Amino acid sequence: MLVTRRWPESVEKAMAINFEVTINDDDHAMSADELAKALQEYDAVCPCVTDSMPESLFGADSIKTRIIGNYGVGFNHIAVDAAKAKGIVVTNTPDVLTDATADLAMTLMMMLARRAGEGERQLRAGQWHGWYPTHLMGTQVTGKTLGIVGMGRIGKAMAEKAHFGFGMRILYHNRKPIPESEVRGLNAEYCIELTWLMSNSDFVAVHCPSSPLTKSMVNEKMLSCMRTDAFLINTSRGDVVDEKALIKFLQKGLIAGAGLDVYENEPELPNALLGLDNVVLLPHLGSATKETRTAMGMRVVGNLNAFFNGEEPPDKI
């Protein structure tokens, strides 16, 4: 099998126990040609969320791959239907990155509210000359309203941390309401209309998956509903937010700021976004803890072991 990027060492060792593994030793981002060739040469291919595997990759007649063990919960980068048409099983890694991603969303919220990014840049540049009463005054988080767009595992986890940790009121927008038993006494308020959530939240956190239905869900119309003192946080997928519209609203001060961990065309970022002080920008770190990245890899190993033992992989898509 082929592993397209370097994984935690313990996971690579665990995989090598049962399989003949080819590791991408120099950890480069594999090209479409390399991925297409891999599908013809390996019984299993283990990509990560930055490996684009469109329908065109599955057009060859001589595909050998029987399972794609995706390293990540999101699988919008894989043409799953095209893979299935070739008899290829696709798996992902749900559950194990919930808290890590929710923790990072909380980090972005706190950094935005307290202007931590601005403060660190100022200090490192030697521009801090001592305390004074009006220096980098931010926004209180405790007791404010958090709007969750997409109340799945990660959305629920952030809501719990925000409500029980900071006494925040929780609003959420979903395809349908969540049973109260599943939100552990949050008293979360379901918003049928996304516009109502956007206009009534101090912080809006996006946690929905990428799909044709959610592409540019947070667009100019939705951003226009936000108050000028409200903040947007996105740790889901970059294409859920219309980046050009967001930049315009940030530049004009129509919203207070944004905390982003994902981008429309990552790793490329618009210069206009990089030049804004009212944003916190992180390089897709949602699941980047040692514990989580290891657990993700072991989840892939578990799916592969099950498949090649003739069992149903637990995380089959």
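The values are calculated or read from the model by the stated rules, or taken from the named source; none is laboratory data. Because the structure is a prediction, the values reported are computed rather than measured. Don't worry about glycine lacking a Cβ; one is built from the backbone with ideal geometry, like all the others, and counts go over all protein chains shown.
Name the single residue that is nearest to PRO94 (Cα to Cα) among those in segment 24-47 being surrounded by 16 or more Cβ atoms within 10 Å (Cβ to Cβ) and hydrophobic (A, V, I, L, M, F, W, C).
Ranking the qualifying residues of segment 24-47, first place goes to CYS46.
In segment 268-317, what residues are in a helix (DSSP H, G or I), hydrophobic (A, V, I, L, M, F, W, C), without any contact (Cβ under 8 Å) to a residue 40 or more places away in the chain and surrounded by 13 or more Cβ atoms within 10 Å (Cβ to Cβ)? It would help to see each step written out before you state the result.
Filtering segment 268-317 for residues in a helix (DSSP H, G or I) gives 271-274, 290-308.
Still in the running and hydrophobic (A, V, I, L, M, F, W, C): 272-274, 295-296, 298, 300-301, 304, 306-308.
So of that shortlist, the ones also without any contact (Cβ under 8 Å) to a residue 40 or more places away in the chain come out as 272-274, 306.
Residues satisfying the conditions are ALA272, LEU273, ALA306.
Do you know which residues across segment 78-102 are of a type outside the set (Val, Ile, Thr), closer than 29 Å to GLU160 by Cβ and surrounded by fewer than 20 Cβ atoms within 10 Å (Cβ to Cβ)? Can you show your working first?
Here is the first cut: in segment 78-102, the ones of a type outside the set (Val, Ile, Thr) are 79, 81-87, 92, 94-95, 97, 99-100, 102.
Then keep just the ones that are closer than 29 Å to GLU160 by Cβ; that gives 92, 94-95, 97, 99-100, 102.
Once the filter is applied, which keeps residues that are of a type outside the set (Val, Ile, Thr), closer than 29 Å to GLU160 by Cβ and surrounded by fewer than 20 Cβ atoms within 10 Å (Cβ to Cβ), segment 78-102 yields PRO94, ASP95, ASP99.
What residue, of ILE178, ILE233, is within 20 Å of ALA102 (Cα to Cα), at pLDDT below 95 and aliphatic (A, V, I, L, M)?
On the way: ILE233 fails: at pLDDT below 95.
Within the list ILE178, ILE233, the selection yields ILE178.
Using the structure shown, decide if GLU12 is more than 22 Å from THR93 (Cβ to Cβ) and either buried (at least 17 other Cβ atoms within 10 Å of the Cβ) or not hydrophobic (A, V, I, L, M, F, W, C) (or both). I'd like the intermediate steps shown before the answer.
Working: more than 22 Å from THR93 (Cβ to Cβ): no; either buried (at least 17 other Cβ atoms within 10 Å of the Cβ) or not hydrophobic (A, V, I, L, M, F, W, C) (or both): yes.
So GLU12 does not fit the description; no.
Go through segment 176-230 and give me each residue that's within 21 Å of THR139 (Cα to Cα), of a type in the set (Ser, Thr, Tyr) and surrounded by fewer than 12 Cβ atoms within 10 Å (Cβ to Cβ).
Passing the criteria: only THR228.
Take the conditions surrounded by fewer than 21 Cβ atoms within 10 Å (Cβ to Cβ), free of Cβ contacts under 8 Å to residues at least 60 places away in the same chain and assigned by TED's automatic domain parsing to the domain that holds THR214 and apply them to GLY130. Does it pass? So that I can check it myself, show each step before the final result.
Values: surrounded by fewer than 21 Cβ atoms within 10 Å (Cβ to Cβ): yes; free of Cβ contacts under 8 Å to residues at least 60 places away in the same chain: yes; assigned by TED's automatic domain parsing to the domain that holds THR214: yes.
Considered against the rule, which asks whether it is surrounded by fewer than 21 Cβ atoms within 10 Å (Cβ to Cβ), free of Cβ contacts under 8 Å to residues at least 60 places away in the same chain and assigned by TED's automatic domain parsing to the domain that holds THR214, GLY130 comes out as yes.
What number of residues within segment 45-78 are in contact with a Ser or Thr (Cβ under 6 Å, 6 or more places away or on another chain) and aliphatic (A, V, I, L, M)?
2
Inspect segment 136-158 for any residue being under 22 Å from SER287 (Cα atoms), in a loop (DSSP other than H, G, I, E, B) and in contact (Cβ under 8 Å) with a residue 60 or more places away in the chain and give the result as yes or no.
Taking segment 136-158 first, the residues under 22 Å from SER287 (Cα atoms) are 146-158.
Cutting the leftovers down to in a loop (DSSP other than H, G, I, E, B) gives us 150-152.
Filter again for in contact (Cβ under 8 Å) with a residue 60 or more places away in the chain, leaving 150.
Yes, segment 136-158 contains at least one residue that is under 22 Å from SER287 (Cα atoms), in a loop (DSSP other than H, G, I, E, B) and in contact (Cβ under 8 Å) with a residue 60 or more places away in the chain.
Taking segment 246-260, which residues are surrounded by 14 or more Cβ atoms within 10 Å (Cβ to Cβ) and either over 18 Å from GLY117 (Cα atoms) or in contact with a strand residue (DSSP E or B) (Cβ under 7 Å, 6 or more places away or on another chain) (or both)?
Our first condition is that a residue be surrounded by 14 or more Cβ atoms within 10 Å (Cβ to Cβ); within segment 246-260, this holds for 246-250, 254-260.
Selection gives LEU246, LYS248, PHE249, LEU250, LEU254, ILE255, ALA256, GLY257, ALA258, GLY259, LEU260.
Going by the structure shown, is LEU171 modelled with pLDDT of 95 or more and not in a loop (DSSP other than H, G, I, E, B)?
Details: modelled with pLDDT of 95 or more: yes; not in a loop (DSSP other than H, G, I, E, B): yes.
In short, yes.
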